[in-house]
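What follows is one structure encoded as structure tokens, with my remarks underneath.
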Amino acid sequence: MSDNNKTVVDIDRSVYDIKDVENEQDFYRMEDGFTEDIVRKISEEKHDPEWMKEFRLNSLKLYNELEMPDWGPDTDELDMNLISSYVRSKTDMKGKWEDVPEDIKNTFERLGIPEAERESLAGVGAQYDSELVYHNVKDEVADQGVVYTDMESALTGEYADMVHEYFMKLVPPTDHKYAALHGAVWSGGSFVYVPKGVKVDIPLQSYFRLNAAGAGQFEHTLIIVDEGADLHFIEGCSAPKYNVANLHAGCVELFVKKNARLRYSTIENWSKNMYNLNTKRALVEEGARMEWVSGSFGSHTSYLYPMTILKGDHSTMEYTGITFAGKGQNLDTGAKVVHQGKYTSSLISTKSISKSGGIGTYRSSVIINKEAKHAKTSVSCDSLMLDSISRADTIPGMDIRTDDADVGHEAKIGRISDEAVFYLMSRGLSEEDARAMIVSGFANPVSKELPLEYAVEMNNLIKLEMSGG
Amino acid sequence: MSEQSLLQVSGLSSAVEDLPILHDINLTIKAGETHVLMGPNGAGKSTLGYTLMGNPHYKVTGGSIIFDGQDITNDSPDKRAKAGMFLSFQNPLEVPGISLGSFIRNAYHEQTGKPVKLLQYKKQLAEAMDLLTMDGSYADRDLNVGFSGGEKKKAEILQMLMLNPKLAILDETDSGLDVDAVRTVSKGIQEYQKKKDGALLIITHSTKILEALHVDYTHVLVKGHIVTTGDGSLVEEINEHGFEKYVRCEGCDGCSPLK
Ligand SMILES: Nc1ncnc2c1ncn2[C@@H]1O[C@H](COP(=O)(O)OP(=O)(O)O)[C@@H](O)[C@H]1O
Ligand SMILES: [Mg+2]
């Protein structure tokens, strides 16, 4: 295991005093949906600068005007009133540990999550704050001039102007209904700025920041990697996150400047009641490189298509992703890339596993614009169905507008082979282990892209999903 | 029906997809013995291997399999493996994302139930690979993925040597191998036979692989029946004269489902 993981394991847990739940006012009236009143209140509590208050209110207007997406999995069961009340009054909506579903409690147990963190991770306890670890990392990278802070502090801190300049410019609230909602009620998240030429040699992990109020719900991540700089950012953790309100509409905006490199790794494991409608986007300048590694587990329904805009000439991107859709899950994931600059190249490779009636849909979109001379793209998606009641679909989209593009595409949908299971069993593996081994092997191209401790977590998650009915 | 027999197959019949293949097979193998099974294509040789190993597609419709004193007729393949049975597949399967080395370690751990001593294991693996003239880098390659026919067979014998079963069933391990590869694989088998006193059931069409081995019994399987059993010299005879004389029930186009 790497050193940065060790710091997580070794820290003295006693520093996490359970804080008082923030003294939030209760609203005497329950209104339907989101109102201006609610948004003003959020803005006030957060001591937003004036422009942010206006930004939130404009976003709210857009939210009320925009239609729900009319494609992809349906979101009928999404209760916006519940979410509205949750945002309005966290104290009331906070669940009890007893209400946390058994499967989540079991997962904590089996993943070996420390007791102290469980309630907070489950979203029912008081805020658990890993301030110490966070500050250590923050100080370490600060020596290199790197800014790593929470979004709220960034809004008023030294880099306030930069935040103002970039905030929701890549994913504007006009983008879609949930982006508008995010703009209105966002809370928590990380801000990272890596100055020119700085190579950050430890991965920064949002794990430490996920426990801020409202984070993990509508959190905003803004990362700017300046010219020639290099960063690996890791989002999420394998612990399932349970929220009373069942919507996650986060937003991630990544700016990769000239000749810089950003690797953004994610493991998401939302509770099985969650609608995960997350928007992630990267803008990649000349000669820069964007790398995505993404593992999507959990959630009831997911819409997740990280998008990369290869703006500068010779910019490149690589996306490696895996999705595991189990019982009752409909995971619609994929990647989007827009080639704008000349000699840009993209490599998308995804794996999707479906089991026990789960639906995994791979949806991709590759757009190569007229200007993107000599662009190169290669897309491969590989689906594995573990039984006959599960579904795997691929919906690859390609829009190529230049005639000298180099385009490759490959899609495979398969079932787990009984003969392969028998082969492994004939060497002494139980049926369950044999299946898990085949699935881990299938996922291996993704896990080997992850830092060791996350790869181990992912394999544990796969085993858990495989053993669960 | 001696007490100390390792494998005792009595009146075994099996079917695949409701189609009866094996009929009333009787076979006794004692510890350390080497048996050869011959027969024309489609006779049911692989089916016997699969049925013994417990492939769920091959249903036992009659009879029993006693292995090392236990009735394993209805046991799952992993239980049989743990009891000490091994099958070298005629067509080994490819499993992407799992390296040969870590797979064997996994299987070894499953079978012994003890944690694997890494250094000792690595040394053992290197020695076995050396014996089979396999490049050490194969341990890091995905299990059988992109292996040539011969490499796959060597990988099977490697697994046999590492897992050290009581009975190894080798299903045409020599088919499709060049002379050198057959000799190499044969060395692996000798090692298993001599040093570990392992019992063998070798399914083969050729004598090459048997040259350096002592064969105790030869069985001929035709249309799902064992039609004759002899000693090692039977192999030579069949090689000269073929199976013609053993193809019984002239004019019979296969056996109808037995009552
Ligand atoms: N999985 C299967 N599905 C259908 N038929 C099978 C299957 N396996 C074997 N058979 C049939 O059983 C018979 C014996 O096959 P097999 O045991 O492979 O013969 P051998 O190994 O002696 O060449 C053949 O007629 C073959 O077609
Ligand atoms: Mg055969």
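The values are calculated or read from the model by the stated rules, or taken from the named source; none is laboratory data. Source: prediction; values computed, not measured. Counting neighbours? That spans all protein chains shown, and the Cβs are built from the backbone with ideal geometry, glycine included. Protein only, heavy atoms only, side chains kept; ligands, DNA and RNA dropped before computing areas. Shrake-Rupley method; radii C 1.70, N 1.55, O 1.52, S 1.80 Å.
In this structure, does residue A:272 turn out to be under 15 Å from the mean Cα position of the chain (by Cα), modelled with pLDDT under 95 and charged (D, E, K, R)?
No.
Given the criterion more than 7 Å from ligand 1 (Cβ to nearest atom) and hydrophobic (A, V, I, L, M, F, W, C), identify the matching residue among B:9, B:16.
Step by step, each of B:9, B:16 is checked, and only B:9 is more than 7 Å from ligand 1 (Cβ to nearest atom) and hydrophobic (A, V, I, L, M, F, W, C).
Of B:88, B:102, B:64, B:137, which residue is buried (at least 18 other Cβ atoms within 10 Å of the Cβ) and more than 9 Å from chain A (Cβ to nearest Cβ)? I'd like the intermediate steps shown before the answer.
Values: B:102 fails: buried (at least 18 other Cβ atoms within 10 Å of the Cβ); B:64 fails: buried (at least 18 other Cβ atoms within 10 Å of the Cβ); B:137 fails: buried (at least 18 other Cβ atoms within 10 Å of the Cβ).
Of B:88, B:102, B:64, B:137, the one residue that is buried (at least 18 other Cβ atoms within 10 Å of the Cβ) and more than 9 Å from chain A (Cβ to nearest Cβ) is B:88.
Only residues in the stretch A:395-422 that are over 16 Å from residue A:378 (Cβ atoms) count as the first member; pair them with residues that are surrounded by 15 or more Cβ atoms within 10 Å (Cβ to Cβ) and aromatic (Phe, Trp, Tyr), Cβ under 8 angstrom, at least 6 apart or cross-chain, and list the lot.
Once the first residue is over 16 Å from residue A:378 (Cβ atoms) and sits in the stretch A:395-422, its partners that are surrounded by 15 or more Cβ atoms within 10 Å (Cβ to Cβ) and aromatic (Phe, Trp, Tyr) give A:395/A:362.
Would you mind finding the one in A:354, A:365, A:417, A:388 that is away from chain B (no Cβ under 14 Å) and in contact with a Leu (Cβ under 8 Å, 6 or more places away or on another chain)?
A:354 is the lone residue from the list that is away from chain B (no Cβ under 14 Å) and in contact with a Leu (Cβ under 8 Å, 6 or more places away or on another chain).
Can you pull out every residue in the stretch A:432-447 that is farther than 30 Å from residue A:376 by Cα and more than 7 Å from chain B (Cβ to nearest Cβ)?
Within the stretch A:432-447, A:432, A:433, A:434, A:435, A:436, A:439 qualify.
Within the bounds of the stretch A:312-322, is there any residue that is closer than 15 Å to residue A:392 by Cβ, open to solvent by less than 10 Å² (accessible area, probe 1.4 Å), under 20 Å from the mean Cα position of the chain (by Cα) and among the β-branched types (Val, Ile, Thr)?
In the first step, residues of the stretch A:312-322 are kept if they are closer than 15 Å to residue A:392 by Cβ; the result is A:321-322.
Remaining after also requiring open to solvent by less than 10 Å² (accessible area, probe 1.4 Å): A:321-322.
Narrowing further to those that are under 20 Å from the mean Cα position of the chain (by Cα): A:321-322.
Then keep just the ones that are among the β-branched types (Val, Ile, Thr); that gives A:322.
Yes: the stretch A:312-322 contains one or more residues that are closer than 15 Å to residue A:392 by Cβ, open to solvent by less than 10 Å² (accessible area, probe 1.4 Å), under 20 Å from the mean Cα position of the chain (by Cα) and among the β-branched types (Val, Ile, Thr).
Need at least 3 residues that are among the small types (Gly, Ala, Ser) per element, so show me which helices (runs of 4 or more DSSP H) inside the stretch A:365-469 make the cut, counting only ones lying wholly within it.
A:431-447
Here are the criteria: (1) within 16 Å of ligand 1 (Cβ to nearest atom); (2) over 15 Å from the mean Cα position of the chain (by Cα). Tell me which single one residue B:78 does not satisfy.
(1)
Specify the residue that is nearest to ligand 1 (Cβ to nearest atom); the eligible residues are those in the stretch B:37-50 that are within 14 Å of another protein chain (Cβ to nearest Cβ) and farther than 13 Å from residue B:226 by Cβ.
B:46
Grab the strands (runs of 3 or more DSSP E) fully contained in the stretch A:249-325, keeping just those with 1 or more residues being within 13 Å of residue A:235 (Cα to Cα).
A:251-256, A:261-270, A:279-284, A:289-298
Got a number for residues in the stretch B:105-115 being among the polar types (S, T, N, Q) and either under 21 Å from residue B:138 (Cβ atoms) or at the interface with another protein chain (Cβ under 7 Å from one of its Cβ atoms) (or both)?
The qualifying residues number 2.
Name the single residue that is modelled with the lowest pLDDT among those in the stretch A:56-87 being assigned to a helix (DSSP H, G or I) and open to solvent by 40 Å² or more (accessible area, probe 1.4 Å).
A:82
Would you mind stating whether residue B:186 is away from ligand 1 (no atom under 16 Å from the Cβ), touching a residue at least 24 places away in the same chain (Cβ under 8 Å), more than 16 Å from residue A:426 (Cβ to Cβ) and of a type in the set (Ser, Thr, Tyr)? Before the answer, list the steps.
Details: away from ligand 1 (no atom under 16 Å from the Cβ): yes; touching a residue at least 24 places away in the same chain (Cβ under 8 Å): yes; more than 16 Å from residue A:426 (Cβ to Cβ): yes; of a type in the set (Ser, Thr, Tyr): yes.
Taking the combined requirement at face value, the residue satisfies it.
Residues checked against (1) hydrophobic (A, V, I, L, M, F, W, C); (2) at pLDDT below 85; (3) under 24 Å from residue A:458 (Cα atoms):
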residue	(1), (2), (3)
A:245	yes, yes, no
A:250	no, no, yes
A:260	yes, no, no
A:276	no, no, yes
A:286	no, no, no
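If the requirement is being at positive phi and touching a residue at least 12 places away in the same chain (Cβ under 8 Å), which of these qualifies: A:321, A:298?
A:298
Show me the strands (runs of 3 or more DSSP E) found entirely inside the stretch B:153-246 where at least 1 residues are of a type in the set (Phe, Trp, Tyr) and under 16 Å from the mean Cα position of the chain (by Cα).
Working: elements: B:167-171, B:199-203, B:217-222, B:225-230.
Result: B:217-222.
Which numbered condition in (1) open to solvent by 10 Å² or more (accessible area, probe 1.4 Å); (2) within 9 Å of chain A (Cβ to nearest Cβ) is the only one that residue B:77 fails?
(1)
Report, by residue number, each residue of the stretch A:274-322 that is within 23 Å of residue A:74 (Cα to Cα) and out of contact with any Asp or Glu (no Cβ under 9 Å at 6 or more places or on another chain).
A:274, A:277, A:306, A:307, A:321, A:322
Give me the pairs: first residue in the stretch A:448-469 and over 21 Å from residue A:264 (Cβ atoms), second residue in a loop (DSSP other than H, G, I, E, B), beta-carbon distance under 6 Å, and six or more apart or on different chains, which are they?
A:465/A:326
Could you check how many residues of the stretch B:154-182 are more than 14 Å from every other protein chain (Cβ to nearest Cβ), in contact (Cβ under 8 Å) with a residue 24 or more places away in the chain and farther than 17 Å from residue B:199 by Cβ? Walk me through how you get there before you give the answer.
Step one: of the stretch B:154-182, the residues more than 14 Å from every other protein chain (Cβ to nearest Cβ) are B:154, B:172-182.
From what's left, in contact (Cβ under 8 Å) with a residue 24 or more places away in the chain: B:154, B:172-179, B:181-182.
Now narrow it down to the ones that are farther than 17 Å from residue B:199 by Cβ: B:154, B:172, B:174-179, B:181-182.
Final tally of qualifying residues: 10.
Residues A:454, A:423: which one is open to solvent by less than 30 Å² (accessible area, probe 1.4 Å), more than 9 Å from chain B (Cβ to nearest Cβ) and among the aromatic types (Phe, Trp, Tyr)?
Numbers: A:423 fails: more than 9 Å from chain B (Cβ to nearest Cβ).
The unique qualifying residue is A:454.
Within the stretch B:1-56, how many residues are closer than 19 Å to residue B:81 by Cα, within 16 Å of ligand 2 (Cβ to nearest atom) and without any contact (Cβ under 8 Å) to a residue 40 or more places away in the chain?
Qualifying residue count for the region: 3.
Can you name every residue in the stretch A:379-407 that is small (Gly, Ala, Ser) and open to solvent by 50 Å² or more (accessible area, probe 1.4 Å)?
A:388
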